[in-house]
Amino acid sequence: MELSTLIQEMINEPSPIRQIMKMASRQNIINMGLNPDEVISYGGGWVGHHPPDELRKKYLEICSDMEKFYDAGKYSPTLGFEECRIAISKMEKELFGVKSEIENIIVGQSSTQLAHDLFIALANPNDKILLFDPTYANYPGQIKMALRNAKIIRQRVIDMDRWEYKPPNDMAEDFKEIYEREKPKIVLFPSPDNPSSQVFNEEFVKTIADICHEKKSFLIIDYAYKTQCFIKEPSYFSWSPLDYPFMIALHSNSKWGRGLGRRLGWVIADEEIINALERVQQCSILCPDTMHQLAFATYIEESLKDGSLRKYLEEIKKAYKKAGEITVEAIKEYLDMPCLIPQGGLYTLMKVNEDADEFVKRVLKNTGVLFIPGKGFGESLREAVRISYGPHVENVEIIKEGFRRVSEYLSHG
Ligand SMILES: Cc1ncc(COP(=O)(O)O)c(C=O)c1O
């Protein structure tokens, strides 16, 4: 059987994160002589809190009425339903101060799909794309899948000795130098970030935006964790495509209301970009999911009016901040390895000072504790692991136990 050259190449470059998750599968854990029920995983890149009950009731309303359920089975317009796009525009305005018109919004299946469609809409296969090192592990594969030979340029953002993000001025200088040399067509990063949980400094992002604007490159900010920002929100959270036509805000329904498997994504951008995405989306998914849009739009309208959305998001944010603090304290208490202080999102990065692939395998086999080796996020994490507290947010007692076990093993091992 002769599969495409692209997929043959990609199958030979499997994601290191998927590989380690496979290694931690139930059967493999049993094969290692461990009890799968006792495994403590810091691997999951997902959230563990409950969705708003009022949102669940919106699904109930649709499902318990024959005609509403019938209606929820129709196709959506490619751009998404108007009521859903209006609800998104109101939500972004009220929560973050973003000014947008309905023409600036397209709804998609997820931010993963929209990122793929954005690459196709914005770049040619021989263009360059600038990512940070480290960054979200799925981007390189997505870029290759959409753009084949596009060249990925990396900007290192961690000070390896101090184990913290470089000062904003240094990052801005590095960016200017790399931009001048490489002239990337797209600059893409998440903020708050996966895997580092850092929120990029506003002066640094302003430098990037100004250069992109002047030189006509696209800047995509991935806001998968926008509602889980623990520090003062940077001003770019409120930027509008009306002011920055080269900036694209990529959003996901996965993390804020635990909609990972029930998800939608949306993009807020200049109208010309939205029109381009509409054309791509006609070919990629035809249209986004109807049921999720109907439930989401009515929930957002009502919960914005009665203030319950804001209250819900505040509580969720507090819970993740707390889980992050507990994680950092536990690392200090039991392992005393350098780690980053989360500023948002679900993660920290811990420096283990040895090849992290080997460290992760050894620790898993001997303790049943799972970390994610850093290499998949970029070369700078070759000797670091990503630790996720996201899945444990409603059960934070477990967070300490994993580090206690690892500490016991490392001190006797
Ligand atoms: C930075 C980042 N972007 C995008 C995604 C995926 O978003 P979606 O669920 O909308 O596909 C994730 C998921 O972990 C992520 O961490």
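The values are calculated or read from the model by the stated rules, or taken from the named source; none is laboratory data. Values in this document were obtained by computation on a predicted structure and should not be read as measured data. Every residue, glycine as well, gets a Cβ built from its backbone with ideal geometry; the counts of neighbours run over all protein chains shown. Protein only, heavy atoms only, side chains kept; ligands, DNA and RNA dropped before computing areas. Shrake-Rupley method; radii C 1.70, N 1.55, O 1.52, S 1.80 Å.
Tabulated values for the structure
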{"read-out": "Cα gyration tensor category, rounded, prolate or oblate, for the range 97-156 with a/c compared to 1.5", "value": "prolate"}
{"read-out": "Reachable aspartates and glutamates, given that their alpha-carbon falls under 14 Å from the alpha-carbon of Lys351 and they are not under 8 places away in the same chain", "value": "Asp159, Asp161, Glu164, Asp336, Glu379, Glu383"}
{"read-out": "Segment Asp71-Trp46, extension gain: residue separation times 0.36 nm, minus the distance between their alpha carbons", "value": "5.9 nm"}
{"read-out": "Global geometry of the range 1-121, whether rounded, prolate or oblate, following the gyration tensor of its Cα atoms and the 1.5 cut on a/c", "value": "prolate"}
{"read-out": "Sulfur and carbon atoms: percent of accessible area, the chain [1.4 Å]", "value": "50"}
{"read-out": "Whole-angstrom gap from the range 1-54 to the range 349-405, using each part's C-alpha centre", "value": "14"}
{"read-out": "Shape call, the range 183-287: gyration tensor on alpha carbons, a/c limit 1.5", "value": "oblate"}
{"read-out": "Label-to-label distance, nm, for residues given as Asn31 and Lys232 (7 Å Cα→Cβ offset)", "value": "5.3"}
{"read-out": "Loop-located chymotrypsin sites (Phe, Trp or Tyr not before Pro) in the range 105-190, at most 16 other Cβ atoms within 10 Å (DSSP)", "value": "Trp163"}
{"read-out": "Fully extended contour minus Cα-Cα distance, from Ile102 to Arg56, at 0.36 nm per residue", "value": "14.0 nm"}
{"read-out": "Sequence-distant aspartates and glutamates (8 or more away, or on other chains) whose Cα lies within less than 15 Å of Lys57", "value": "Asp65, Glu301, Glu302"}
{"read-out": "Estimated [θ] at 222 nm from DSSP helical runs (n ≥ 4, -39500 (n - 2.57)) normalised by residues in the chain, nearest 500", "value": "-14500 deg cm²/dmol"}
{"read-out": "Long pairs among Lys99/Lys206; Lys58/Lys90; Lys74/Lys255, criterion Cα-Cα beyond 22 Å", "value": "Lys74/Lys255"}
{"read-out": "GNM flexibility winner over the chain from Glu82, Glu214, Glu54 (Cα, springs under 10 Å)", "value": "Glu214"}
{"read-out": "Long-range tail of P(r) for the range 53-306 (Cα pairs > 27 Å, %)", "value": "36"}
{"read-out": "Exposure ranking of His49, His116 by accessible area [1.4 Å probe, largest first]", "value": "His116, His49"}
{"read-out": "Within straight-line cross-link reach of Lys151, lysines at Cα separation under 22 Å, skipping those fewer than 8 residues along the same chain", "value": "Lys128, Lys176, Lys183, Lys185, Lys215, Lys216, Lys375"}
{"read-out": "Theoretical FRET efficiency, 1/(1+(r/R0)^6), r = Cβ-Cβ of Asp159 and Glu272, R0 35 Å, to 0.05", "value": "0.35"}
{"read-out": "Solvent exposure of the chain as accessible area per residue, Å², 1.4 Å probe", "value": "45"}
{"read-out": "At most 13 other Cβ within 10 Å, DSSP loop - trypsin sites (Lys or Arg not before Pro), the range 166-228", "value": "Lys216"}
